[in-house]
Amino acid sequence: MILPEEFEKEMKELLGDQYEAYRESLSLPVRQGCRVNTWKVEKEKWNEICPFAKEQIPWIENGYFLSEDSGASRHPYYFAGLYYLQEPSAMTPANRLEAEPGDYVLDLCAAPGGKATELGSRLRGKGLLFANDISNSRAKALLKNLEMAGIPNLYVTSEKPETLEKQFPEFFDKVLIDAPCSGEGMFHREPKMMEYWRERGPEAYVPIQRELILQGAHMLKPGGKLLYSTCTFSKKEDEEIIQWLLEQEPDMYLLPVKPYEGFEKGKGMEACVRIFPHKMSGEGHFLALLGKKERAEQSPKKNKEKRGKKPIVLPDCAEEFLSLLQFPLDRKQLKLEKDRLYLLPDGPDMPKLRYLRTGLFLGEIRKNRFEPAQALAMALRPDEFASCIHLNSEDIRTVKYLKGETLDVSDLPCKKDKGWQLVCAGAYPLGFGKLSGGILKNKYYAGWRWQ
């Protein structure tokens, strides 16, 4: 691998006598990884049912190394949202931010969703996840990954960060900024990144990173935590960005990151963390965890007041379907918009923005019938729906279902022999189907089908 000359020079200065070890690490095979979605399956259960060989990632409790030929992207459990395929070091930022149930969490540059899905999983359905990406096409991929992961309490937007900054002053408990960067940590995995680096090096990203981290700090409430990360090694994009923020915002301060023996301390900032591929089985990352000082007197924010709307009146077809849900439904959180029904997170009213999703999409009213959404199926547990069809993950019908085919399921038990069914791979929902006479009409979302 021929590295850019200027990059080599900077890395030699950064690493000193470790440079040769770094250089040698680039000739090693790229490590694949998957992160288990503990919102759907606990780690202990995953270890029982995992269908492929794996090895624990020592600094990520729900992360595993995979072999290159694992076939993890072609298994029904992948379509059930039980895990997310992710480069091992990229799992670290969301892990170390440590979002908790009830938090209001912002992922400012969230696409394609590797970090946002972990943050949402940690919320356990409580609080809210606000995931944004300025690119509309990338935000659509983000939405799919969040819905696949079964995250119900979400808002997904495609907005400029400055727009969000105006709407959410000191609003979020946790903020993650995985900033756009020169991608030096990706040279091993994606050599084409070197060409981008030659065209647009670290200096091009510094203004963007400064703007993003300042906006994130303004949206962080006093007492909250902000994690800034990049997948690059340049001090200009890493420690110097943090130093700049600390000079601009006296209320912000560095916090220690949960340690691991392979982490390197930041250059001149020991609280920061650097991940190098010659020290750990990861491509490379930089992390800085910051807190915001609490104030003696904090005025309550109007935009954090919870909504107090009256329950909406729904058509009979929607009421009939909702009666199949086997969990308490707060009808004050329902929103009907252009015949599409949503369950909003328990929290404040949100301002008008370019939303791709507001809460959990329950389904759509079409000509006096209700069609449940794929997102709803992914957010359910089997005991939360009136009738389920459980297919063994190795049953050929499971793949046929994911391909959109009609199935003969007359040999399988289910509580109701007619009407809507939640179709599962084992105990894990894949989507909906409609049963009649032992034949299941496939309702799996066409845009997600197994190709």
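Evaluate the range 398-415: report whether one residue or more is open to solvent by less than 20 Å² (accessible area, probe 1.4 Å), among the hydrophobic types (A, V, I, L, M, F, W, C), in contact (Cβ under 8 Å) with a residue 40 or more places away in the chain and under 26 Å from SER73 (Cα atoms). Yes, the range 398-415 has at least one match. Remark: pairs (first residue in the range 1-26, in contact (Cβ under 8 Å) with a residue 12 or more places away in the chain; second residue part of a helix (DSSP H, G or I) and open to solvent by 50 Å² or more (accessible area, probe 1.4 Å); Cβ separation under 7 Å; 6+ apart in sequence or on different chains) = PRO4/ARG198. Of the residues screened, GLY102 is not one that is assigned to a loop (DSSP other than H, G, I, E, B), at pLDDT 95 or above and open to solvent by less than 10 Å² (accessible area, probe 1.4 Å). Considered as a group, the residues in the range 298-328 that are surrounded by 12 or more Cβ atoms within 10 Å (Cβ to Cβ) and assigned to a loop (DSSP other than H, G, I, E, B) include one that is modelled with the highest pLDDT, and that residue is LEU324. Against the criterion of being open to solvent by less than 70 Å² (accessible area, probe 1.4 Å) and within 27 Å of LEU154 (Cβ to Cβ), GLN333 qualifies. When the range 217-240 is examined, which residues are found to be of a type in the set (A, V, I, L, M, F, W, C), closer than 14 Å to HIS285 by Cβ and not in a strand (DSSP E or B)? Result: CYS231, PHE233. Residue pairs whose Cβ atoms lie under 7 Å apart, sitting 6 or more positions apart in sequence or on different chains, and linking a residue in the range 89-110 that is farther than 24 Å from TYR355 by Cα to a partner that is hydroxyl-bearing (Ser, Thr, Tyr), are PRO93/SER229.
Taking (1) assigned to a helix (DSSP H, G or I); (2) surrounded by 14 or more Cβ atoms within 10 Å (Cβ to Cβ) in turn, THR38 satisfies each apart from (1). Checking the stated criteria, LYS258 turns out to be of a type outside the set (S, T, N, Q), part of a loop (DSSP other than H, G, I, E, B) and modelled with pLDDT of 95 or more.
Residues in the range 419-430 that are in a strand (DSSP E or B) and either modelled with pLDDT under 95 or small (Gly, Ala, Ser) (or both) were compared, and the one that is surrounded by the most Cβ atoms within 10 Å (Cβ to Cβ) is ALA425. Consider GLU247 carefully, then state whether it is assigned to a helix (DSSP H, G or I) and not hydrophobic (A, V, I, L, M, F, W, C). Considered against the rule, which asks whether it is assigned to a helix (DSSP H, G or I) and not hydrophobic (A, V, I, L, M, F, W, C), GLU247 comes out as yes. Name the pairs: first residue in the range 266-277 and farther than 16 Å from THR232 by Cα, second residue open to solvent by 20 Å² or more (accessible area, probe 1.4 Å) and at pLDDT 95 or above, Cβ to Cβ under 6 Å, at least 6 apart or on different chains? Sorted first by the residue in the range 266-277, then by its partner, the pairs are ALA271/LEU254; ALA271/PRO256. Which ones in the range 60-96 are aromatic (Phe, Trp, Tyr), open to solvent by 30 Å² or more (accessible area, probe 1.4 Å) and touching a Leu at 6+ places or on another chain (Cβ under 9 Å)? TYR78 - this is the single residue of the range 60-96 that is aromatic (Phe, Trp, Tyr), open to solvent by 30 Å² or more (accessible area, probe 1.4 Å) and touching a Leu at 6+ places or on another chain (Cβ under 9 Å).
Cβ separations smaller than 7 Å between residues 6+ apart or across chains give the following pairs from the range 149-166 residues that are on the phi > 0 side of the Ramachandran plot to residues that are of a type in the set (D, E, K, R) and modelled with pLDDT of 95 or more: GLY150/LYS40. Per this entry, LYS352 is counted among residues that are open to solvent by 50 Å² or more (accessible area, probe 1.4 Å) and either assigned to a helix (DSSP H, G or I) or out of contact with any Leu (no Cβ under 9 Å at 6 or more places or on another chain) (or both).
For (1) surrounded by fewer than 18 Cβ atoms within 10 Å (Cβ to Cβ); (2) in contact with a Lys or Arg (Cβ under 6 Å, 6 or more places away or on another chain); (3) polar (S, T, N, Q), each residue gets a yes or a no:
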{"residue": "GLU170", "(1), (2), (3)": "no, yes, no"}
{"residue": "LYS174", "(1), (2), (3)": "no, yes, no"}
{"residue": "GLY185", "(1), (2), (3)": "no, no, no"}
{"residue": "ARG200", "(1), (2), (3)": "yes, no, no"}
{"residue": "ILE208", "(1), (2), (3)": "yes, no, no"}
{"residue": "LEU212", "(1), (2), (3)": "no, no, no"}
{"residue": "ALA217", "(1), (2), (3)": "no, no, no"}
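Would you confirm whether or not the range 377-393 contains a residue that is surrounded by fewer than 18 Cβ atoms within 10 Å (Cβ to Cβ), among the basic types (Lys, Arg) and at positive phi? No, the range 377-393 contains no residue that is surrounded by fewer than 18 Cβ atoms within 10 Å (Cβ to Cβ), among the basic types (Lys, Arg) and at positive phi.
Of the residues in the range 356-375, not one is open to solvent by 70 Å² or more (accessible area, probe 1.4 Å), modelled with pLDDT under 95, in contact with a Lys or Arg (Cβ under 7 Å, 6 or more places away or on another chain) and not in a strand (DSSP E or B). The number of residues in the range 187-198 being over 23 Å from GLY113 (Cα atoms) and open to solvent by 70 Å² or more (accessible area, probe 1.4 Å) comes to 2.
The set of residues in the range 97-115 that are among the hydrophobic types (A, V, I, L, M, F, W, C) and closer than 17 Å to LEU289 by Cα comprises LEU97, ALA99, VAL105, LEU106, LEU108, CYS109.
The values are calculated or read from the model by the stated rules, or taken from the named source; none is laboratory data. On a predicted model such as this, the values are computed, not experimentally measured, just so you know. Because the Cβ atoms are built from the backbone with ideal geometry, glycine has one as well, and the counts that use them run over all protein chains shown. When the accessible area is computed, the model is the full protein with side chains, heavy atoms only, and any ligands, DNA or RNA have been set aside. Shrake-Rupley method; radii C 1.70, N 1.55, O 1.52, S 1.80 Å.
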